[in-house]
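Colleague: I am attaching a structure below and will ask some questions about it afterwards.
The values are calculated or read from the model by the stated rules, or taken from the named source; none is laboratory data. Model, not experiment: these values are computed from the prediction. Please note: Cβ atoms are built from the backbone with ideal geometry, for glycine as well, and neighbour counts cover all protein chains shown. Areas reflect the complete protein model, heavy atoms only, side chains present, ligands, DNA and RNA absent. Shrake-Rupley method; radii C 1.70, N 1.55, O 1.52, S 1.80 Å.
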Protein chains: 2
Amino acid sequence: MSLPTPAGYYALDNHSVRTFLNDLPEMRAKLGGAPESWAVEEVGDGNLNLVFLVDGPDGSVCVKQSLPYVRAAGESWPLPLDRAFFEQSYYRAVGAHVEGLAPRFYHYQPELYAFVMERLSPHIILRRGLIEGRRYPHVAQHVGEFAARSTFATSDIGATIEEKAEWTASFAKNTSLIRITAEVVFSDPLSESPRNRWTRPELDGLARAFRSDSALKGAVADFGWRFLTTGQALIHGDLHTGSVMVTETDTKVMDPEFSFVGPIGYDVGAFLANLVMNYLAQPGHATAADDRREQADWVLDQVPVFWNTFKTRFLALWETSARGDAYPATMFAHPADQAVLAARREAFLDGVFADAVGYAAVKTIRRILGFAHNIDFEWIADPARRAPLENKAAQLARKFLLEPHSFRTPEDIVAGAKAI
Amino acid sequence: MSLPTPAGYYALDNHSVRTFLNDLPEMRAKLGGAPESWAVEEVGDGNLNLVFLVDGPDGSVCVKQSLPYVRAAGESWPLPLDRAFFEQSYYRAVGAHVEGLAPRFYHYQPELYAFVMERLSPHIILRRGLIEGRRYPHVAQHVGEFAARSTFATSDIGATIEEKAEWTASFAKNTSLIRITAEVVFSDPLSESPRNRWTRPELDGLARAFRSDSALKGAVADFGWRFLTTGQALIHGDLHTGSVMVTETDTKVMDPEFSFVGPIGYDVGAFLANLVMNYLAQPGHATAADDRREQADWVLDQVPVFWNTFKTRFLALWETSARGDAYPATMFAHPADQAVLAARREAFLDGVFADAVGYAAVKTIRRILGFAHNIDFEWIADPARRAPLENKAAQLARKFLLEPHSFRTPEDIVAGAKAI
């Protein structure tokens, strides 16, 4: 490795990961047996990191380590190691509030920028399951619960000024990944950038039209500003269907390395966008045996399930667990105040929804015209089949941004997606 | 002093401040002569700190030091010393961008939580000058320039993600003063709080009516939430007329210990509110020789001067000095984009104005019904004369909050203040 790294850092491999775990008494005990007997597999298929699954006779763990560059791009795109620090910080901050919905966290090794957590089995990535035509009856509810519980607990409603200040201060330093989001999600896709790619030549016209759509760019830039300046809660920062591991009954949210104190709607919008993109991509995965219509409808039906769970849980927590400094109980002590407070809460959630629609649009456009695409579309091998579906997603996103008043409820999103 | 303080800290007095300065070669040189020859005066008349003016044969300086409690309340209200750290950090962060509009900064002594800066002479506090019936032909322009330059330079338009993250992270720790603002400005005045006071019994009815005005409280709480969650720029945090020192020609902004990365409209609204309150208080300072009508009109005329200067300068800087990550130039590269970008800029400034009106209202109400009052009203000795003027200010503030669409321009504010 030619990039400079701090003293004590080395990239783990199938051998040294055993030594590392064997030196941690609790991990050694959890795995059982001798290190040579452990099965080790490196499975990091994401864009950024090393991920080892380690199975011993008594148990198993997962080890995740930062590399000093973007794995998907290679050493030509260096990236600070500290994203592992922020990822483990996020798990520690929200873990107690989302019990059962995030992997159990075991250990962080600062100088290696590596941490050990629960190895999930037989979970698969939600996005893959949906592409394969599987359904997960609880997943939309679970992710809605996760988004509500994690953001409420770290907001100025669920936490004190002093508690939130710790997260704000610490996660503000996650600048390398905040910058990646600002560039790769918000500014690149509608700019001329060598990092952009799209289905060519089928979508050349779309790319050109979007890049010269001034109103669209204005709306995206407004959301970019909001992304950088809205510190509502500690957010996951990348809550798409590729960050969720599932079985029929269990759901775990992963990969919070993009976390920082930002807009709640960004997490909500990420999941919404990826449900809608999966819905629109389903015809591309149709076979003679399965036209995927039922699967597509089921996926889209998860949009209201997800939002309604999020909203209901957030409001319920606000009723039972408000201990922060915003909307303080002292100001609303009279019974007559309760109707107004309830209306402010509704208005607050309406604002989160409006934000979510905007961020969903931005995150959809970037998957069609920007650097990182998603397999919902990429796995449709035939570009002649893929491009029209990608075009639908992009056009729906454009409507989200330019006609926001038409998308005030999850049902509006469902109707819009069906009509496109 | 009975409150615990860190090692190395002691409260300066007229003797030890000499030793402190004499040990700093640059300060010794600036003052000239022997320490015994220096004239020292402690003038801290604010709520929080010690302030020494030191004059030597060759020059003079000002020393400001934190006390471990709220000076206005005594040791029964302890307050961390670190506000001096944040105050000097703010001067260092914005100093280069507001040259001539803030005192020159000379030295910070960490363990004493004390710093040395330019001693201003013959400046007086703007609020006092306005109460005395004086006019300052440049002050509204100067403060508008200050607000625009300081916030632009520290926003995501004028600074990079990495630069802003440093301020966000550092100033997020200014929790003791952020908490004071959240409580004393936003929540206490419309709650039952032993810290509240008002002109009694004349305004008992007003206090009762406001505390039971659910809609008003809802609007104030919305702005409280925005205050805690909007990280647009490094703001002064207390930009009222008591934080501005003036001569006929010169203006210096002082006392940024409440600074943090917050909403730009909070600084703008603070100055607006205090101009309007001074305008409404002028009849209380009328004498047989001077009915103060001209002075009042002049003060109110400064509202549009201040806002127009702020807006013009902010937009001009956006044209010439945008180097941040929001609204990036790469997205607006086509000539055809310029009209949309200009419209987004206008909309952005409209948003700052709307925020400013809301914060101005909140800051007005707290001066009538909360803990810290201002001398614009307090120096009207006769409560029968003072109370109706305070009532006007409170009623205008209520209109700002409940009829925001009627106050979209500085001229609307002028008209509203005249009509009340």
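Colleague: Exposed loop sites here are GluC sites (Glu not before Pro) in DSSP loop states with at most 14 other C-beta atoms within 10 Å. What is the longest stretch of chain B lacking them?
Modeller: Here the longest segment lacking exposed loop sites spans B:249-420.
Colleague: Taking K and R as +1 and D and E as -1, what net charge do the other residues with C-beta under 13 Å from the C-beta of A:LYS252 add up to? Before the final figure, lay out each step's value.
Modeller: Working: positive: A:ARG104, A:ARG119; negative: A:GLU99, A:GLU118, A:GLU145, A:ASP250, A:ASP255.
Taking every other residue near A:LYS252 into account, the sum is -3.
Colleague: Quickly work out the B:GLU248-to-B:SER37 label distance, labels modelled 7 Å from Cα along the C-beta direction, and quote it in nm with one decimal.
Modeller: Taking the simple label geometry, B:SER37 and B:GLU248 are separated by 3.2 nm.
Colleague: From the protein chains alone at 1.4 Å, what is the descending order of accessible area for B:ARG226, A:ARG134, A:ARG18, largest first? Mind dumping the intermediate values first?
Modeller: Details: B:ARG226 85, A:ARG134 115, A:ARG18 50 Å².
Accessible-area ranking of B:ARG226, A:ARG134, A:ARG18, largest first: A:ARG134, B:ARG226, A:ARG18.
Colleague: Right, something else. What's the center-to-center distance, using Cα atoms, between region A:354-420 and region A:57-119 in Å?
Modeller: Cα centroid of region A:354-420 versus Cα centroid of region A:57-119: 30 Å apart.
Colleague: Per DSSP H run of n ≥ 4, the term is -39500 (n - 2.57); total these for the protein assembly as shown, divide by its residue number, and report the mean residue ellipticity at 222 nm rounded to 500 deg cm²/dmol.
Modeller: Working: 30 runs with 404 residues, N = 840.
-15500 deg cm²/dmol, from helical runs alone.
Colleague: Let me know the mean shielding of A:329-342 by other chains, meaning the per-residue number of their Cβ atoms within 10 Å of its Cβ.
Modeller: Details: counts 2, 7, 14, 6, 5, 4, 0, 3, 8, 1, 3, 8, 4, 1.
Taking the mean over all residues of the peptide, I get 5.
Colleague: Rounded to the nearest 0.05, what FRET efficiency do B:ASP23 and B:SER121 have when you use their Cβ-Cβ distance and R0 = 30 Å?
Modeller: Details: r = 24 Å, r/R0 = 0.81.
After rounding, the FRET efficiency stands at 0.80.
Colleague: If you don't mind, there's one more thing I want to ask. Classify the protein assembly as shown from the C-alpha gyration tensor, please: rounded if a/c falls under 1.5, else prolate or oblate depending on whether a/b exceeds b/c.
Modeller: Prolate, since a/c reaches 1.5 and a/b exceeds b/c.
Colleague: Averaged over A:170-180, how many beta carbons belonging to a partner chain fall within 10 Å of each residue's beta carbon?
Modeller: Details: counts 2, 4, 12, 5, 1, 9, 2, 0, 5, 5, 0.
Average neighbour count from other chains, rounded to a whole number: 4.
Colleague: Going 7 Å from Cα along the Cα-Cβ axis for the label, what nanometre distances separate B:PRO25 from the same residue across the other copies?
Modeller: 5.5
Colleague: Something else now. Heads up, I need the accessible area for B:HIS15: 1.4 angstrom probe, whole protein in place, Å², nearest 10.
Modeller: Its heavy atoms expose roughly 130 Å² to the probe.
Colleague: Which whole number gives the average, over all residues in A:261-268, of C-beta atoms from other chains lying within 10 Å of the residue C-beta?
Modeller: Values: counts 4, 2, 1, 1, 0, 0, 0, 0.
Other-chain Cβ atoms within 10 Å of each residue's Cβ, averaged: 1.
Colleague: Continuing with the same structure: Just to make sure I understand: if all protein chains stay in place, what is the order of A:ARG71, B:ARG119 by accessible area at 1.4 Å, largest first?
Modeller: Values: A:ARG71 80, B:ARG119 50 Å².
My answer, sorted largest first, is A:ARG71, B:ARG119.
Colleague: Between the label point of B:GLU192 and that of the same position in each other copy, find the distances and list them shortest first in nm, with every label point placed 7 Å from Cα along the Cα-to-C-beta direction.
Modeller: 6.7
Colleague: Let me ask you something else. How high is the FRET efficiency between B:ARG293 and B:ARG195 when r is their beta carbon distance and R₀ equals 35 Å, given to the nearest 0.05? It would help to have the intermediate numbers written out before the result.
Modeller: Values: r = 36 Å, r/R0 = 1.01.
Using R0 = 35 Å, I get an efficiency of 0.50.
Colleague: Quick one: net charge around A:THR168, please, counting Lys, Arg +1 and Asp, Glu -1 for every other residue with C-beta under 12 Å from its C-beta.
Modeller: Working: positive: A:LYS164, A:LYS173, B:LYS173; negative: A:ASP156, A:GLU162, A:GLU163, A:GLU166.
Around A:THR168, the surrounding residues sum to -1.
Colleague: With every protein chain left in place and a probe of 1.4 Å, what is the accessible surface of B:LYS418, to the nearest 10 Å²?
Modeller: Solvent-accessible area, nearest 10 Å²: 110 Å².
Colleague: Continuing with the same structure: Beyond 28 Å between alpha-carbons counts as too far, so tell me which of B:LYS252/B:LYS363; B:LYS217/B:LYS392; A:LYS311/B:LYS217; A:LYS217/B:LYS217; A:LYS173/B:LYS363 fall in that bin. Spell out each step's value before the answer.
Modeller: Numbers: B:LYS252/B:LYS363 22 Å; B:LYS217/B:LYS392 18 Å; A:LYS311/B:LYS217 23 Å; A:LYS217/B:LYS217 37 Å; A:LYS173/B:LYS363 32 Å.
From B:LYS252/B:LYS363; B:LYS217/B:LYS392; A:LYS311/B:LYS217; A:LYS217/B:LYS217; A:LYS173/B:LYS363, over 28 Å: A:LYS217/B:LYS217; A:LYS173/B:LYS363.
Colleague: Determine the relative contact order of chain A: mean sequence separation of Cα pairs under 8 Å and six or more apart, normalised by residue count, in whole percent.
Modeller: On the way: 702 pairs, mean separation 73.3, N = 420.
For chain A, the relative contact order is 17 percent.
Colleague: Right, here's the next one. Keeping every protein chain in place, order A:VAL51, A:VAL61 by accessible area at 1.4 Å, biggest value first, i.e. largest first. Don't skip to the end; give the middle numbers.
Modeller: Working: A:VAL51 30, A:VAL61 0 Å².
Listed by decreasing accessible area, they come as A:VAL51, A:VAL61.
Colleague: Taking only Cα atoms and a 10 Å spring cutoff, compute GNM fluctuations for chain A and point out the largest among A:ASP350, A:ASP290, A:ASP301.
Modeller: Among A:ASP350, A:ASP290, A:ASP301, the largest GNM mean-square fluctuation belongs to A:ASP290.
Colleague: Something else about it: Of B:VAL17, B:VAL244, B:VAL340, which is the most mobile in a GNM of chain B whose springs link Cα atoms less than 10 angstrom apart?
Modeller: In this elastic network of chain B, the residue with the biggest mean-square fluctuation among B:VAL17, B:VAL244, B:VAL340 is B:VAL340.
Colleague: Sticking with this one: Under a plain spin-label model, where a point goes 7 Å from the Cα along Cα-to-Cβ, how far apart in nm are A:ARG104 and A:SER76?
Modeller: Distance between the two pseudo-spin positions: 4.4 nm.
Colleague: Now for a different question. Using label points projected 7 Å from each Cα along Cα→Cβ, tell me how many nm separate A:HIS373 and A:ARG208, to one decimal.
Modeller: 2.0
Colleague: A further question on this structure: Report A:VAL43's accessible area, 1.4 Å probe, all protein chains in place, as a number in Å² to the nearest 10.
Modeller: Number for this one is 50 Å².
Colleague: Enter the Cα centre distance for the pair region B:143-175 and region A:257-296, rounded to the nearest angstrom.
Modeller: 37
Colleague: Placing unit charges on C-beta atoms (Lys and Arg positive, Asp and Glu negative, everything else neutral), compute the dipole magnitude of chain A about its Cα centre in debye, rounded to 20. Don't jump to the answer; show the numbers that get you there.
Modeller: Values: 42 positive and 52 negative charges, 158 e Å.
Computed charge dipole of chain A: roughly 760 debye.
Colleague: So, counting K/R as plus one and D/E as minus one, what does the shell of residues with Cβ under 12 Å around A:THR330 add up to?
Modeller: Details: positive: B:ARG195, B:ARG211, B:LYS217; negative: A:ASP325, A:ASP337, B:GLU183, B:ASP188, B:GLU192.
Neighbour charge sum, excluding A:THR330 itself: -2.
Colleague: Hey, with R₀ at 45 Å, roughly what FRET efficiency would B:LEU402 and B:GLN338 work out to, going by the Cβ-Cβ distance, to 0.05?
Modeller: 0.75
Colleague: Placing the label point 7 Å from Cα along the Cα-to-Cβ direction, what are the distances from B:HIS138 to the equivalent spots in the other copies, shortest first, in nm to one decimal?
Modeller: 7.0
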